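Student: Once you've had a glance at the structure underneath, I'll fire off some questions.
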Amino acid sequence: MAGGDGSLAPIAAVCIPFGTRNHFARDLGIERDDSSGALRAFGGTERRIDVGRAGHRLFLNNVSLGIYASLVHRREGHRRRRAAFARVRALAILLTHRHPLGISIDGVPVESRLVLAANNAYVLELPSLGERQRLDEGKLYLYCPDAEPSERSGERFVVDAAEHRLEAAIDGEPDVVSTPVEFRIEPGALRVLVPPERG
């Protein structure tokens, strides 16, 4: 199977990166624009990396709740419309989505418009914004940019919401999660092959 981050998660053991952004391939050190070259991994080096879970759903990169998830849901709903119109709608959502999610994390209320649960730590500084230095730290990271604390790490978090369901983007794909939802890390749960020169 060849696919992007959202396609990879359900069958990660037998996928070649072939999607739009391929963040997972980048973080593994595989050239994202060379899908044919990625086939060299079949004679390459095995690595064990972590995966995250949101309830029963596996994720390789992250799960977003709140404003980014809303953008992903709208993008899917307007995929056939012109790109310029889609960008204007995305900007309008960013400007008008001012209300916090009404959530709690591990039983503590949090006022935030965005929650990002990540499989290992993301670099939050330019020029490497959105990259991960490692995929085997064994930690889940929770980012809430407009809350305090804005970053937490651990092996498990429970997110609850008054509405008992939240729009989500799981590895960039739109979904809805029922709350409370448990996020957890599974250290070393996935065996991956990388090309020999990247090992």
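Readers should treat all values here as calculations from the given coordinates under stated rules, not as data from a laboratory. From a predicted model like this one, the values you see are computed outputs, not experimental measurements. Because the Cβ atoms are built from the backbone with ideal geometry, glycine has one as well, and the counts that use them run over all protein chains shown.
Student: If each residue's Cβ is checked for other Cβ atoms within 10 Å, how do Leu124, Leu193 rank with the fewest at the top?
Tutor: Fewest to most other Cβ atoms nearby, the residues stand as Leu124, Leu193.
Student: Under a crude label model (7 Å from the Cα following the beta-carbon direction), how far is Glu155 from Glu111 in nanometres?
Tutor: Those two pseudo-labels are separated by 3.4 nm.
Student: Starting with the fewest neighbours, write out Arg132, Arg26, Arg48 ranked by other beta-carbon atoms found within 10 Å of each beta-carbon.
Tutor: Listing Arg132, Arg26, Arg48 from fewest to most nearby Cβ atoms yields Arg48, Arg26, Arg132.
Student: Sort Thr179, Thr45 so the one with the fewest other Cβ atoms within 10 Å of its own Cβ comes first.
Tutor: Neighbour counts put them in this order, fewest first: Thr45, Thr179.
Student: Further, regarding this structure: Suppose the chain between Ser36 and Ser104 were pulled fully straight at 0.36 nm per residue; how much longer would it get relative to their current alpha carbon spacing?
Tutor: The Ser36-Ser104 span can extend by a further 20.0 nm.
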